[in-house]
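The values are calculated or read from the model by the stated rules, or taken from the named source; none is laboratory data. Just so we're clear, the structure is a prediction, and the values are computed from it rather than from any experiment. Cβ sites come from the backbone with ideal geometry, for glycine too, and all protein chains shown count toward neighbours. These area figures cover heavy atoms from the full protein model, side chains too; ligands, DNA and RNA do not enter into them. Shrake-Rupley method; radii C 1.70, N 1.55, O 1.52, S 1.80 Å.
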Amino acid sequence: MLEDLLMKLAIIPSANKGLLGELTKLKVCGDGSALESGANCNGQPTCDCRSKGIYKCKCDRIYSDPTADWGFDSYRQTYYFGHTFYQHTISVSGHDLPLHITMGPASESDFTLSMKSLDSMLKMFSAHVLPVNIYSMSYDSGHDGLGIYQYLKANSIKPVIALNPRSGTLPKPTGTAKLVNEKGVPLCPAGLEMRHNGKRGDGRIYYNCPVKRPTHLNGKYVFKTHSQECPQGSLCQPDSQMGPVVYIRSSDDLRLYPDISRYSPEYKLLMNLRTGCERSNSTKKVVHKLANRPCRSASHFLVRLYLVAILEHSKAWLADRKKAVGSDTLKLIASFLAA
C-alpha cells in the first residue's frame, strides 16, 4: 500500500513533470541508514520480581518492538538497537527523489537489503506500467559482491560499485602479459600498467602498450609512441601501432571488469550521484527528525519514511514551479523594458 501511494502521489507526477529525467535511462543510487528504536532492548517485565529484590528473573516480558535487534552503525562507529532502512533514489537537476524504501533489522546489511529493495522497485514499476529502464546502479563498497553484479547483469543494469579490496586469484590475460596488479589491470613485460583500450561487443576488455597512446595529428586519430617512457629502453613490438595488445573477458570476473570501467570519467560521474542518496537519508533523519522520534515499530518508521519521501517530491515540484514563475517574470520585465 505504501509503495502504491508513493507511485501514485509522487513518482508518477514527478515523471510527468520531467523531474526524473529520461525514463528509459535512469541513473539510480542506493544506500542504507540506521534508525534507533525507542523500545527497550530488554523488554518490559510482566512480574513484580523487582519489588521482591529479584532483578534477574525468567518471567515473561513484553517487547514493544519485536523485529528490532542489535546492529553496528558504521557512520557513527557505534552499536545500536533498532532497524535499518534502505532506499533507492535518483538525482536530477538538483533534486534528490526517493524511488523505493524498505526496512530491515539493524543486523541486516545493505548487501541484502539493496537487492530486496531493487526487486520490489522493479515489480512496482511493472505493476504500474511505468515505462522505466534503469541504466546504472551506484552503490558503495559494502555492495561489492559477485551476487549483486550477477543480479544487475541479469536485469541489464550496469553496476557502478566501489571496489572493496580483498585477497583472491585474479584472471590472467591473454598474450604477452603474464601478470595483473591488485586492481586487475594487466602489466606489460616491463612491469607498467597497460592502457585500457575499451570493451568490445563480445565482452572482452582490451589493453595495449602503455607508451603507445592515441592523439590527433593533422585531423587524424593516430597512436603516438613515447619510447622514452619504457623502462626496458626498447619496444616489445616496434612495428605494431598499438602492440602488445591483450584482453580479459569481463565474464571471468564481473567485480574487477564491470561494463563501466572504474577508471573512466563516466564511472566517476555516476559514483558522485550517490551523495544525493546520502542527502535524502539526512533529510529524513535530521530535517524531519526521524532519528529522534521514539518509534517502537518498524511499520511506524516505514509509514513516516514514505510520507517524508512524498514530501520530498512535492518540494521538488514547488522548487520547479518557482523557477518557472521566476523565468516568466523575467520575460515579462524584459518585454516591458523593450516596449
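With all protein chains present, how much of the accessible area of the chain (probe radius 1.4 Å) comes from carbon and sulfur, to the nearest whole percent? Show your work: numbers first, answer last.
On the way: 10250 of 18750 Å².
Reported share for carbon and sulfur atoms: 55 percent.
What pairs from K17/K268; K289/K322; K116/K153; K17/K123; K289/K323 go past 21 Å between their alpha carbons?
Going by Cα-Cα distance, K17/K268; K289/K322; K17/K123; K289/K323 fall outside the 21 Å limit.
Arranged from highest to lowest average of other beta-carbon atoms within 10 Å per residue, in what order do the peptides 274-280, 319-325 appear?
Ranking, from highest mean packing down: 274-280, 319-325.
Roughly what angle does helix 110-127 make with the longest principal axis of the chain, taking Cα atoms, 0 to 90 degrees, to the nearest 10?
Roughly 90 degrees between the two axes.
Going by average Cβ density within 10 Å per residue, which order do the peptides 40-48, 253-261 take, highest to lowest?
253-261, 40-48
Over segment 222-298, what is the relative contact order in percent, taking alpha-carbon pairs closer than 8 angstrom and at least six residues apart?
The value is 10 percent.
Going out from 0 in 5 Å bins, what whole percent of all Cα-Cα distances in segment 105-145 drops into each bin?
Percent of pairs per bin, in order: 6, 18, 24, 22, 15, 11, 4, 0.
Which lysines have a Cα lying under 26 Å from the Cα of K220, excluding residues fewer than 8 positions away in the same chain?
K199, K212
So how far apart, in nm, are the two label points at C59 and R200 if each is 7 Å from Cα heading toward Cβ?
Roughly 7.6 nm, to one decimal.
Rg (Å, one decimal) plus Dmax (Å, integer) for the alpha carbons of the chain?
Calculated on Cα positions, Rg and Dmax stand at 26.6, 95 Å.
Residue by residue, what Karplus-based ³J(HN,Hα) values in Hz, rounded to whole numbers, does segment 273-281 have, using 6.51, -1.76 and 1.60 with θ = phi - 60° and x for Gly and Pro?
Running phi through 6.51 cos²θ - 1.76 cosθ + 1.60 with θ = phi - 60° gives 5, 4, 4, x, 5, 5, 5, 5, 4 Hz.
So if I place +1 on the C-beta of Lys and Arg and -1 on the C-beta of Asp and Glu, and nothing else carries charge, what would the dipole magnitude of the chain be about its Cα centre? I want it in debye, nearest 20.
Around 380 debye, computed over the chain.
Taking the solvent-accessible surface of protein heavy atoms with a 1.4 Å probe, what is the per residue accessible area of the chain in Å²?
Here the residues of the chain average 55 Å² of exposed surface.
Show me the ranking of peptides 125-137, 90-102, 217-229 by mean Cβ neighbours inside 10 Å, starting with the highest.
Listed from highest to lowest mean packing, they are 90-102, 125-137, 217-229.
Just subtract the alpha-carbon distance of A319 and C49 from 0.36 nm times their residue separation and send over the number in nm, one decimal.
Difference between extended and current length: 91.3 nm.
In nm², what is the average projected area of the convex hull enclosing the Cα atoms of segment 1-107? Intermediate results must be reported in sequence, preceding the final value.
Values: hull surface 39.8 nm².
That works out to 9.9 nm².
Can you give me the distance in nm between label points at L163 and V287, each placed 7 Å from the Cα along the Cα-to-Cβ direction?
Once both label points are built, they end up 3.6 nm from each other.
Please identify the cysteines of the chain that lack any partner cysteine with a Cβ under 4.7 Å from their own Cβ.
C41, C188, C209, C230, C236, C295
What translational diffusion coefficient, to the nearest whole µm²/s, does segment 176-309 have by Stokes-Einstein, given a Kirkwood radius computed over alpha-carbon pairs, a temperature of 4 °C and 1.567 mPa s viscosity?
After rounding, the answer is 69 µm²/s.
Quote the relative contact order of the chain in percent (integer), defining contacts as alpha-carbon pairs under 8 Å separated by 6+ residues.
20
Measuring from label point to label point, each 7 Å out along Cα→Cβ, what is the L122 to Y263 span in nm?
3.1
Once R0 is set to 22 Å, what does the formula 1/(1 + (r/R0)^6) return for the Cβ-Cβ distance between K8 and T67, expressed as a FRET efficiency to the nearest 0.05?
0.20
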